[in-house]
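Some notes on the structure that comes next.
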Amino acid sequence: MQCLNDNLIMPALSRRAVLLGLCSGTWWAHAATAPSRVPILVYHRFGATAVDSMTVSTPRFQSHLAVLSELGCQVIGLHEWVAYRRGERPSLPERAVVLTADDGHRSQAEVLAPALAERGWPVTLFIYPSAISNASYAMTWDQLRQWRRQPSVMIESHTYWHPNLVRERRNMDATAFERFATTQLTRSKAVLQDKLGQEVSLLAWPFGLSDPGLQQLAHTCGYRAAFALENRSATLTDPVYAVPRHLMVDSVSAGELKRRLMAAFSAPLTSPENPT
């Protein structure tokens, strides 16, 4: 019997179970050693104070890093989690956490980069290329190239200019939207690969929003996984093209982050028989 393609979007839990277990033959291997949930954190911008809803103050960010150290978190690269989720890696370390940052704001180079370099922690940046070396708030291509030279830094796609794709679908006819969305996904990928000389295989949805059709399109455009928001930790049963992340804003105190992390680390194993 031919195995189902585990890249396809399978909305029903039972079908996800097939993809995770029967096809790849990896679910039960995961079950023996797997973290049940892995927190994937996403930041946007940083400042001395939180001047807007997406800015995390530098003191708050430092308190988040202190929590990760205090809890003995093992900060891993996002590609490691993706390989694990897709059955290409047998295990992850206990208390695994992933760090990501969206949009390419210049404060990421000023605050995030040195803080993580000091600790040797990896990070994945999701970039929409139209802003780079163009918008006043964004990093330049030279900054991204310099940061990318670090082996712990990966740069991935956030579409070409960050549209709300779910809203745009409602405003366009089907043919126009298909063309528009495909361009957003493929042009971003192509520009990043050309400018940075690296493969781009992961996508973060603008505003964290997608739908099954967009998720299928991400697969068609050659992405291995795509990421949303939702403020919960990622599990083996989450769709690979709508993986949840925790949105880090200034109102997330050190205590709240600690609570979320401990909830993930102490969670029972997620399985097809015990869905979240």
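Remark: segment 186-254 carries a charge dipole of roughly 140 debye about the Cα centre, counting +1 on each Lys and Arg Cβ and -1 on each Asp and Glu Cβ.
Where nothing but the Cβ of Lys and Arg (+1) and of Asp and Glu (-1) is charged, how large is the charge dipole of segment 96-223 around its Cα centre, in debye to the nearest 20? Mind dumping the intermediate values first?
Values: 12 positive and 12 negative charges, 24 e Å.
About 120 debye.
Taking the Cα centre of segment 35-99 as origin and assigning +1 to Lys and Arg Cβ atoms and -1 to Asp and Glu Cβ atoms, the resulting dipole is close to 140 debye.
Ligands, DNA and RNA are left out, and with a 1.4 angstrom probe the accessible area of segment 118-276 is 43 Å² per residue. Between Asp173 and Ser253, residue separation times 0.36 nm minus the direct Cα-Cα distance comes to 24.5 nm. In this label model, Glu118 and Leu209 are separated by 3.8 nm, measuring between points 7 Å along each Cα→Cβ vector. Shown in residue order for segment 67-81 are the 3J(HN,Hα) couplings computed by the Karplus curve 6.51 cos²θ - 1.76 cosθ + 1.60 at θ = phi - 60°: 5, 4, 5, 4, 7, x, 5, 9, 7, 10, x, 4, 5, 5, 5 Hz (x for Gly and Pro). Computed from backbone phi with θ = phi - 60° and the Karplus coefficients 6.51, -1.76 and 1.60, the 3J(HN,Hα) list for segment 207-223 is 6, x, 9, 8, 8, x, x, 5, 5, 5, 5, 4, 4, 4, 7, x, 7 Hz; x is used for glycine and proline.
Look at the dipole of segment 142-276 built from charges on Cβ: of Met154, Thr182, Ala234, the Cα furthest out on the positive end belongs to Met154. Residue-wise HN-Hα couplings along segment 90-96, as the Karplus relation 6.51 cos²θ - 1.76 cosθ + 1.60 with θ = phi - 60° gives them from phi, are x, 7, 10, x, 4, 6, 5 Hz; Gly and Pro carry x. Only Cα pairs under 8 Å and 6+ residues apart enter the sum, and on that basis the relative contact order of segment 181-250 stands at 26 percent.
Based on every Cα atom in segment 58-119, Rg and the maximum pairwise Cα distance Dmax equal 13.4, 38 Å.
The values are calculated or read from the model by the stated rules, or taken from the named source; none is laboratory data. Here the structure is a predicted model, which means the values were calculated and not measured. Note that we place each Cβ from the backbone using ideal geometry, even for glycine, and neighbour counts take in every protein chain shown. These accessible areas exclude ligands, DNA and RNA; they are computed on the full protein's heavy atoms, side chains included. Shrake-Rupley method; radii C 1.70, N 1.55, O 1.52, S 1.80 Å.
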